[in-house]
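These notes are about the structure you will find just below.
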Amino acid sequence: MSADPVRVLVSACLLGQPVRYDGQSKGIVSDWLSALGAEGRVLAFCPEVAGGLPTPRPPAERQGERVVTTSGLDVTAEFDRGAELALAICQVQGIRFALLKEGSPSCGSGRIYNGHFEGVAVVGEGKTTALLRRHGIAVFSEDQLAELASALSLDPSLAATGSGS
């Protein structure tokens, strides 16, 4: 058995850090997640900021492999760089699980927006999620706290208090 506790990469916005495109956070209330953080098992990370984008920044959506802003500016390189940095951190630190913000063009794990800035969600995944999954890292959204707890071999009922929007 490893002496090191299992760690989780977590979208910084879910931990209350104001790093989203609009300068806000989407912090979730979860005693379970707070306890993991207190144990040093949570690593906050924002791939968009790490990739070089400012906060606040124009909204961006995936259009196939590209990511563009509402004005048409291609920010694919920054999104790819952030995803690569997330993967590098996971690999160096032995992180095998991530809790990422659903709907994000970086972090969405089950749905993203359709790329036309219409507010329409479609099945898909963000750039960071896709890269992490290709390298065997399990990605969960804030709607899947119980599933993450189960994967970490913790009591899933402890995670049931989580909520996010």
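How much of the accessible area of the stretch 2-80, probe 1.4 Å, is carbon plus sulfur, in whole percent?
Using a 1.4 Å probe with all protein chains present, the stretch 2-80 comes out at 53 percent carbon and sulfur.
What is the pair-distance distribution P(r) of the chain, computed from all Cα-Cα distances in 5 Å bins starting at 0, with each bin given as a whole percent?
Going from the shortest bin to the longest, the percentages are 2, 9, 19, 23, 21, 14, 7, 4, 1, 0, 0.
Could you grab the relative contact order for the stretch 42-165? Cα pairs under 8 Å, six or more apart, rounded to a whole percent.
20
Set the Förster radius R0 to 25 Å, insert the Cβ-Cβ distance between Ala44 and Ala77 as r into 1/(1 + (r/R0)^6), and round the FRET efficiency to 0.05.
0.60
Note the full-extension length gain between Asp22 and Ser150 as 0.36 nm times their separation in residues minus their Cα-Cα distance, in nm to one decimal.
Separation in residues times 0.36 nm, less the Cα-Cα distance, equals 42.8 nm.
Along the positive direction of the dipole of the stretch 43-152 (beta-carbon charges: Lys, Arg +1; Asp, Glu -1; about the Cα centre), which of Tyr113, Val139, Ala88 reaches farthest?
Among Tyr113, Val139, Ala88, the one farthest towards the positive end of the dipole of the stretch 43-152 is Ala88.
The values are calculated or read from the model by the stated rules, or taken from the named source; none is laboratory data. Note that this is a predicted model, so its numbers are computed, not measured. Using ideal geometry, Cβ is built from the backbone for each residue, glycine included, and neighbour counts are taken over all protein chains shown. Accessible surface is based on the protein model in full, side chains and every heavy atom, while ligands, DNA and RNA are left aside. Shrake-Rupley method; radii C 1.70, N 1.55, O 1.52, S 1.80 Å.
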